[in-house]
1. With respect to the numbered conditions (1) under 26 Å from Glu31 (Cα atoms); (2) in a strand (DSSP E or B); (3) open to solvent by 60 Å² or more (accessible area, probe 1.4 Å); (4) in contact with a helix residue (DSSP H, G or I) (Cβ under 9 Å, 6 or more places away or on another chain), which one is the sole condition not fulfilled by Asp55?
2. Search segment 82-106 for residues that are within 14 Å of Glu34 (Cα to Cα) and pair each with any residue that is acidic (Asp, Glu) and in a strand (DSSP E or B) when their beta-carbon atoms are under 8 Å apart and the residues are at least 6 apart or on different chains.
3. Small (Gly, Ala, Ser) and modelled with pLDDT of 95 or more: which single residue out of Gly118, Gly135, Gly127 fits that description?
Amino acid sequence: MEKAKGDMGRFVVNCILSGLIVLGLAACTAEPPEQRLRQTVMAMQEAVESGDAGDFMASVSPDFVGNNGLDHDALERMLKAQLLLNSKVGLQTGPLTVQMGEAMDTATVRFTVLMAGGSGRFLPERGQMQEIVSGWRDEQGQWRVYSAEWEPVGAR
């Protein structure tokens, strides 16, 4: 009986050690910061296209500042208004140019985006092409945009 308890104890310890090894290996294969940032940008695009302002805003820092002093709450109101105005929103993002900070916890992302919206019928009723420069930081393992400037393509 004592031998069975000893074998069971070793079995439990081995299972725990095996689990820790697997978790350790998973941590070693964590995605690089730039890849996680690119995924965040794509998730934000998908959130807008699906009409989910909450998912989009989850990646916006509370201290966000945009054009003309636009803050976090004003950005959320603007996004919700656009989603109400346009039952169908489409975004076509150009290639992302990502410039990572030295510590890999900040980044600047530049891209163009074609935004189209309307009733969702055959053709969009509204559209704009914008150049966007955005500032990002890793906040406790999640990339969040803390600043952004945008202007119509060719305005410079």
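The values are calculated or read from the model by the stated rules, or taken from the named source; none is laboratory data. Please read all numbers here as calculations on a predicted model, not as lab measurements. Because the Cβ atoms are built from the backbone with ideal geometry, glycine has one as well, and the counts that use them run over all protein chains shown. Each accessible area value is taken on the protein alone, full model and side chains, heavy atoms only, with ligands, DNA and RNA left out. Shrake-Rupley method; radii C 1.70, N 1.55, O 1.52, S 1.80 Å.
1. Asp55 satisfies every listed condition except (2).
2. Hits for this filter: Met104/Asp138; Asp105/Asp138; Thr106/Asp138.
3. Numbers: Gly118 fails: modelled with pLDDT of 95 or more; Gly127 fails: modelled with pLDDT of 95 or more.
Going through Gly118, Gly135, Gly127 in turn, the sole match is Gly135.
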